[in-house]
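Here is the structure we will look at, set down as structure tokens.
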Amino acid sequence: MDWLTEFHLANGHLIKPLVVGTLVSLACSVVGCFIILRRLSFLSDAIAHAMLAGVVGGYLLMKLLFGTEAHVGAMLLGALLAGVVTVGMVGFVTRVSRVKQDTAIGIMYTGIFALGAFAISMKSLGQYIHIDIYHFIVGSVISVGNSELWIAGLVTAFIVAVVMMFFRQLQLTSFDPVMAASIGVPVVAVDYLLTACTSLVVVSGVRIAGVILVVALVITPAASAYLLFDRLNRMIVAAAAIGIGCFWAGFFLAHAAGASPGPSIVITGTGFFLATLVFAPKYGLLVDWNRRRRAVPQEIKEDVLGAILRSEQEWVPINDVVRHIASNKPKIRRAIIHLIRQDLLDQKGTELRLTSQGRREGRRLLRAHRIWETYLDRMGTPANELHGQAHKLEHMNDEQTIDYLDDKLGHPLKDPHGSTIPEDFVDFEELSEVRSSLLREGFRAEIVRVEDVTLQDRLRPGAKVLGGPRSADGIRWSLITEDGATVELSHDQADAVFVHRVESEPA
Amino acid sequence: MSSSKSVSKPAIEVQNLTVSYGPVPALLDVSLAIPAGKLVGVIGPNGSGKSTLIKAILGFVKPDIGSVKILGEDVARVKGRVAYVPQRGSVDWDFPITVREVALMGRYGSKRWWQDMSKNDYALADRALQQVRMSEFSRRQIGQLSGGQQQRVFMARALAQDADILLLDEPFAGVDAATEGAILNVLTEARQKGKTMVVVHHDLETACEYFDLLILLKQRMFAFGSPEQVLEPELLSDVYEGKLRVFEALTNHTLEEVLQKGRLPGKEDGRSPE
Ligand SMILES: Nc1ncnc2c1ncn2[C@@H]1O[C@H](COP(=O)(O)OP(=O)(O)O)[C@@H](O)[C@H]1O
Ligand SMILES: [Mg+2]
């Protein structure tokens, strides 16, 4: 007990500010969580700016009507009223004019703040008003009295009770107000409740950080917690802890530096936020940067599959694979580990093999590469640049891109070097419906429907056909019907005949 | 097949509904009665008021005039009988909430504000996640899912709510073919249990295959009936104006072909053959 008594003797004047600050920081941070999730930061800012006018109004009213000095209740009420008017005016201006919300906010906040400052600075009114503008702007937590202690206690108890009792309602109206309404949550009442909570915490926060900085008490700890947690209940607890921690740190920093505590508390809060931004375990910049550095580029994985497929051996030594790829060894090794984990590669000792899934993926990439090569060739790219360019482009290999190119090129069978382009086996699955222009020679299919009337007498739905050879440099298709007749088709006609494949391997 | 206990009372009855956000009404004099146990599609161009209709049926937007009745009762008085799957674009995917917590929201309506969620509620939420095959992701934050998975989470929430009526706003937008099939399965299963569903849909080509009834909307209700009745070229070109030609170019089919296709035999999805 000795040190406590000692501390009390030496720092007794600090106890009240510390208790008030802890309570208010907690309440501000908790409400702040909902404020940032609903994108309402401007609400707390509006209420803070309106306070000067509100406090002055309340002060004057009491003084002139009843002749009493500064009445805390009247000042509070004035502040709340002024805040609500400001928010209402912002909404009104946005609605009735082409001025956008950010501008409306700028106009109304400054206007209402200036109104308060004007009244104070007036000689005729100013003599009645004993408000310390400096402390109003930077806060004055050191000099809190018993009434502030009571207010802080009540406000905090109220906020904590509301959030605990109505957690589900607050969560659901913030996340999905439409569903909230449909299960009978009074959405508008919850909105008002939250606005009231915001007013309360802002008004009590001004004593600590001043009108300009109070917003930071509300949103900064909540934003830090938002970067740290994926669940609302944890985010709220964390925000409260961060808010209180930053208050204490800032308070004693100011004490040590002989500075005003308000700015110092906000500085620690902002510092903590920036640190979170960098170091947060999941959403931090550092993790993000690390993840990107460690990620195996998709291109390298594709190159590995391509190298193994092209080698045309079953088991390929890892060193051979590495030699064929222009990238650093560790990256290639990581790519190989990834591919094994994805079940695209098998490893035995120092050799690798494609799994059936890996072979499929490799063939898909080979098809993409050769189609790009054909495309480049048609575009007039010099032969010695074909492979290099196609190698860059082949990483754009999503089905839609490749299907588009394939169709535009007239479904070529060979690439410019004379190698066969794998057929479109992705679309051409057994039982899925495709255009017959994808049917290669030797594949069997059943006709589903024919959209070209000139063909309908020769090709009927339900009939089995065999893909025949292409003629005229690959621009004429042929289908062989069951009775042995050959039907010649142009590209458009082949596109008008829909088939599904009936065997997985060519006959 | 769906039970026919309450044939007399439509599941959703909308009468002379007008809703506005400003000087121009988003919905004007819309009246319709949706029978129980039907899978109903809502089609219409962008901004035609489809989402607004859904929100009015949920009691979220207040009509300027007109009424919405759910199972014969005024919408303001019914609570939780209608489940809702929001449009993907209207959800805050960064919200600090996990897959399981979203599914649990389906149970919120069954509790008064002072009651805690029970073990049974968690079990129901988990079962709903199982039904849409999302159990293994239950601890994930919802932003860290693929588009199709995100859609399934909200389907699970609707299932957990165990409502008689489901409203889905563009559940098929931006999902891959596999997910589209999976969602459609859940819908047809729900219909077999006698649930009524209203689904906002953007693809005319599949609209005729998927739904029992279609609502064609553009501020006013242009048509309400079987797909064959609603997908009339004249009606559609009225509603879609020049945009229909774009649609034709995109799908490489003329409108007639699309409609033809919808009527093809062998495209049945459980509908009775009458
Ligand atoms: N919250 C809102 N405030 C103002 N206008 C809105 C709001 N929601 C929708 N609207 C307007 O109402 C009309 C219908 O919108 P909506 O129901 O979302 O159409 P859809 O879902 O068919 O695309 C549109 O013109 C839209 O701009
Ligand atoms: Mg919409």
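Averaging sequence separations of C-alpha pairs under 8 Å and six or more residues apart, then dividing by the length of the stretch A:1-158, give the relative contact order as a whole percent.
Taking the mean separation of contacting Cα pairs over the length of the stretch A:1-158, I get 32 percent.
What's the FRET efficiency of A:Asn290 with A:Thr401 using the Cβ-Cβ distance as r and R₀ = 30 Å, to the nearest 0.05?
0.45
Tally Lys and Arg at +1 and Asp and Glu at -1 over the other residues with C-beta under 10 Å from the C-beta of A:Gly362: what net charge comes out?
+4
Can you give the net charge of the other residues whose Cβ lies under 13 Å from the Cβ of A:Leu286, counting K and R as +1 and D and E as -1?
Once positives and negatives cancel, what remains is +4.
Lysines within cross-link reach of A:Lys123: Cα-Cα under 25 Å, excluding same-chain residues under 8 positions apart?
A:Lys63
Which FRET efficiency, nearest 0.05, do A:Leu61 and B:Asp64 yield, Cβ-Cβ r, R0 30 Å?
Efficiency for this residue pair is about 0.15.
What number, rounded to the nearest 500 deg cm²/dmol, is the helix-based mean residue ellipticity at 222 nm of the protein assembly as shown, given -39500 (n - 2.57) per DSSP H run of at least four residues and division by all its residues?
Value at 222 nm, helices only: -18000 deg cm²/dmol.
Which GluC sites (Glu not before Pro) does the stretch A:429-502 hold that lie in a coil by DSSP with at most 10 other beta carbons within 10 Å?
Answer in residue order: A:Glu482.
In whole Å, what is the distance between the alpha-carbon centres of the stretch A:226-268 and the stretch B:74-100?
If we compute the Cα centre of each part, the gap is 34 Å.
Which pairs break 29 Å Cα to Cα here: B:Lys9/B:Lys62; B:Lys119/B:Lys193; B:Lys9/B:Lys119; A:Lys392/A:Lys464; A:Lys282/B:Lys50; A:Lys301/A:Lys414?
Going by Cα-Cα distance, B:Lys9/B:Lys119; A:Lys392/A:Lys464; A:Lys282/B:Lys50 fall outside the 29 Å limit.
For the stretch B:121-194 and the stretch A:376-448, write down the distance between their C-alpha centroids in whole Å.
With the stretch B:121-194 and the stretch A:376-448 each reduced to a Cα centre, they are spaced 36 Å.
What spacing in nm lies between the two simple spin-label points modelled at A:Ile475 and A:His500, each 7 Å away from Cα in the Cβ direction?
Result: 3.4 nm between the two label points.
Taking 50 Å² as the minimum loss, tell me which residues in the stretch B:88-119 lose that much accessible area going from the chain by itself to the full protein complex (1.4 Å probe).
B:Asp92, B:Phe95, B:Pro96, B:Glu101, B:Met105, B:Tyr108, B:Trp113
Taking the Cα centre of the stretch A:298-354 as origin, work out the dipole magnitude from +1 charges on Lys and Arg Cβ and -1 charges on Asp and Glu Cβ, in debye rounded to 20.
Using only the charged Cβ atoms, the result is roughly 300 debye.
May I ask what percent, to the nearest 5, of DSSP beta bridges between residues of the protein assembly as shown are antiparallel?
Close to 70 percent.
Take every Cα pair under 8 Å in the stretch A:298-354 that's 6+ residues apart, average their separations, divide by the length, and report that relative contact order as a whole percent.
44 percent
Take the Cβ-Cβ distance between A:Ser124 and A:Ile15 as r, set R0 to 56 Å, and report the resulting FRET efficiency rounded to the nearest 0.05.
Efficiency for this residue pair is about 0.85.
Using label points projected 7 Å from each Cα along Cα→Cβ, tell me how many nm separate B:Asp176 and A:Leu115, to one decimal.
5.8 nm
Quick one: ranking A:Asp288, B:Asp238 by accessible area, 1.4 Å probe, largest first, what do you get?
Order by accessible area, largest first: B:Asp238, A:Asp288.
If the chain between A:Arg360 and A:Glu482 were fully stretched, how many nm would it gain, using 0.36 nm times the residue separation less the Cα-Cα distance?
Extra length available between A:Arg360 and A:Glu482 comes to 40.8 nm.
Along the Cα→Cβ direction, 7 angstrom out, place labels at B:Glu205 and B:Lys79. What is the inter-label distance in nm?
Result: 4.6 nm between the two label points.
Determine the relative contact order of the stretch A:18-288: mean sequence separation of Cα pairs under 8 Å and six or more apart, normalised by residue count, in whole percent.
After rounding, I find 29 percent.
Taking only protein heavy atoms and a 1.4 Å probe, what accessible area per residue, in Å², does the stretch A:431-507 have with all protein chains in place?
Per-residue accessible area for the stretch A:431-507 comes out at 51 Å².
Farthest toward the dipole's positive end in chain A, which of A:Val155, A:Phe273, A:Ile332, given Cβ charges of +1 (Lys, Arg) and -1 (Asp, Glu) about the Cα centre?
So the residue we want is A:Val155.
Heavy-atom accessible surface, probe 1.4 Å, ligands and DNA/RNA ignored: which residues of the stretch A:181-200 lose at least 40 Å² versus the isolated chain?
Buried by the other chains: A:Ser182, A:Ile183.
What ranking, highest mean first, results for peptides A:170-177, A:221-228 when packing means the other Cβ atoms within 10 Å averaged over each residue?
Packing order, densest peptide first, comes out as A:221-228, A:170-177.
With +1 on each Lys and Arg Cβ and -1 on each Asp and Glu Cβ, how big is the dipole of the stretch A:127-271 about its Cα centre, in debye rounded to the nearest 20?
About 200 debye.
Roll a 1.4 Å probe over the protein heavy atoms and report the accessible area of A:Lys392 in Å², nearest 10.
150 Å²
Kyte-Doolittle mean at least -0.5 and Cα extent at least 15 Å along the axis: which DSSP H helices of chain A qualify?
Membrane-span-like by this criterion, though nothing is claimed about a membrane: A:2-37, A:41-66, A:72-96, A:101-121, A:146-165, A:187-228, A:232-257, A:261-279, A:298-311, A:329-341.
The values are calculated or read from the model by the stated rules, or taken from the named source; none is laboratory data. Only a predicted model underlies this, so the values are computations on that prediction, with no experimental measurement involved. Note that each Cβ is placed from the backbone with ideal geometry, even for glycine, and that neighbours are counted across all protein chains shown. All accessible areas refer to the heavy atoms of the entire protein, side chains included, with ligands and DNA or RNA removed. Shrake-Rupley method; radii C 1.70, N 1.55, O 1.52, S 1.80 Å.
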